[in-house]
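Single-structure report; data block below.
The values are calculated or read from the model by the stated rules, or taken from the named source; none is laboratory data. Owing to the predicted nature of the structure, the values given are computational and were not obtained by experimental measurement. In this analysis, Cβ positions are derived from the backbone assuming ideal geometry, glycine residues included, and neighbour counts consider all displayed protein chains. To get the accessible areas, we keep the full protein, side chains included, count just its heavy atoms, and leave off ligands, DNA and RNA. Shrake-Rupley method; radii C 1.70, N 1.55, O 1.52, S 1.80 Å.
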Amino acid sequence: MRYILEFNKVTKIFYPPFSFKNPLDFLSSQKAILALNNITFQLREGVILAVLGPNGAGKTTLLKIISTLILPDSGTVKIKDLILGKDDLRIKSLIGWVGSSERGFYPRLTGRQNLEFFACLYGLDKKKINLRLQELFKFFKIDYQDKRFDTYSSGMQQKFALMRALLHDPELLLLDEPLKSLDYTTALNLRNFIKEHLVKEKNKTVIFTTHRMEEAVDFADLFMILVKGYLYGLGTLSELRKKVNNPSATLSEIFLKLTQ
Amino acid sequence: MWLRKIIGFLKKDFLLESSYRFSFFFDIFGILINISIYFFIDRLFEQRLVAHLEEFGVNYFSYVILSSAAFSYIGIGMGSFAERIRSEQVQGTLETILVTPTRTAVLVFSLIIWSLFSATLELFMYITLGIFLFKIDLTHLNILSCIITLLLIIISFSSLGIISASFLIVFKRLNPLSWLIGSLEGLLGGVYFPITVLPGWLQFIARFFPITYAIRAIQLAVYKGYHPMQLSRELGFLFLFSILLLPISIFIFWKSLYRSRKTGTLAHY
């Protein structure tokens, strides 16, 4: 089976930054935060994986490692057989990343100007940029492309973040809490777009983080349960039900059972 | 493809700058005020400074207007990278840029392309205002020497700027040394007066600053029409400085990004 993503014994620890007030904190293992502990898993193409966990579980760190923004302390990460840390430029052209923050755009530029700039950085030429933007604006029903970015609502800004991640038609889409600012209808449309268009039609792979169980059940094929850097479970809902020996357990019940 | 990315940055920065509608006019006004100050200082002290300026064959006003224009170039090289990195961090765009497949060297150059462009405009504004309003004489100008000198100024001083930006990425603070070096260069580099005005021991120290050679080369190229061979000492020093510092600074920048990826602090400021 071809895997799009392979994690092999990946560990990430964050140490407190050096400060002159408390110089020894820098060396203290008690002050260090274990973000990911010896994580190993493989992910096949064409699925939606929900990474579940409370705040501080390591969900964002996991996504940032895949997106090359954070390097692991140990272990290896492969994306389509490319090794993270060695083939980063090629990896970056395979992934689309939407961060959890609504920042990340130039507030004084228009929505279109922002997307045009990032499309340039993905190496698209002018003709391709225009075509792609036309396609995306139509799909996301964006009528006001030429408004200043800081005048858009949070939901619109989130749509732009997603459009930016899709500009170069990536193989692997990484979404950090993608539905948090969206109203019910927009969230539903977005879920359908990702499920039907990106995953079923185009065989793309999507990883998203959330701490909302019902959102994950509606949206994902696979579920990863992560708490304080430890991986407690990974599989489909029925696989996780088998793991807890309860064929009718809800995802919340599975989560509680596995992490107790 | 790298050219497309650089042009993308240039266009984006132009759009951002032009969104501040009055800043361009304030810049021109600031330059005009500076030039006027130098003009009146020149009228006050012309006779006493002539001996020190004989080598360049110009009055104080012509000397300082050119040095100031060149110094703004140097300032861009020294300070622009750190400013741009800080601005991208604050806007939250540094991470979104770094997830795109853009090489470190292309990113480094792209970050300051607009600043270089605007410094070049500023240089032309200084010169144009100098020629038309204050009648400075550019009849001896050697264009080739000027271009080589400006290129070497950009490369060598940008390298120092890249090192400052690396310091910012790792320590989240501006490099205090860059401020000190910047101030000392203004004092010792011959920007506001030729270094022959300084006492001997300060002149000796000034020889170790690349700005001394940069200012001298540009003055001689513009006002005396020296060709590159006649400026071999000055250009040679700048070339040596550039060739040593540029690869080192890009390596340090790459290392600082690597370290921030390790500590997970790329977006912190």
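Just a few scattered comments:
- Taking 20 °C and 1.002 mPa s as conditions, the stretch B:131-269 diffuses translationally at an estimated 128 µm²/s according to Stokes-Einstein applied to its Kirkwood radius (Cα pairs).
- Using the rule -39500 (n - 2.57) for each DSSP H run of four or more residues, divided by the residues of chain A, the 222 nm mean residue ellipticity is -9000 deg cm²/dmol.
- Which of B:Phe171, B:Phe45 is most accessible, then next, and so on - probe 1.4 Å: B:Phe171, B:Phe45
- Calculated [θ] (222 nm, deg cm²/dmol) that DSSP helices of n ≥ 4 give over chain B, each run adding -39,500 (n - 2.57): -27000 deg cm²/dmol
- Nearest-ten-degree value, helix B:210-219 long axis tilted from longest Cα axis of chain B: 50 degrees
- Order of exposure, largest accessible area first, which applies to B:Trp114, B:Trp254, B:Trp201 with probe 1.4 Å: B:Trp201, B:Trp254, B:Trp114
- Projected label points at B:Gln203 and A:Lys228, each 7 Å from Cα along the beta carbon direction, are separated by 7.1 nanometres.
- Of the solvent-accessible surface of the protein assembly as shown, computed with a 1.4 Å probe over protein heavy atoms with every protein chain present, carbon and sulfur atoms account for 61 percent.
- A straight line joining the Cα centroids of the stretch B:69-103 and the stretch B:237-269 runs 13 Å.
- The C-alpha atoms of chain B define a longest principal axis, and helix B:104-134 lies at about 30 degrees to it.
- When all protein chains stay in place and ligands, DNA and RNA are ignored, the 1.4 Å accessible-area order of A:Asp169, A:Asp218, largest first, is A:Asp218, A:Asp169.
- Surface/4 of the Cα convex hull for chain A, nm²: 16.0 nm²
- Fraction of C-alpha pairs exceeding 43 angstrom in the protein assembly as shown: 31 percent, rounded to a whole number.
- Å² per residue, accessible surface of the stretch B:102-251 at 1.4 Å: 48 Å²
- Acute angle (nearest 10 degrees) that the helix B:232-263 long axis makes with the longest principal axis of chain B, alpha-carbon atoms: 20 degrees
- The distance between label points at A:Asn246 and A:Gln260 comes to 0.7 nm (points 7 Å beyond Cα on the Cα→Cβ vector).
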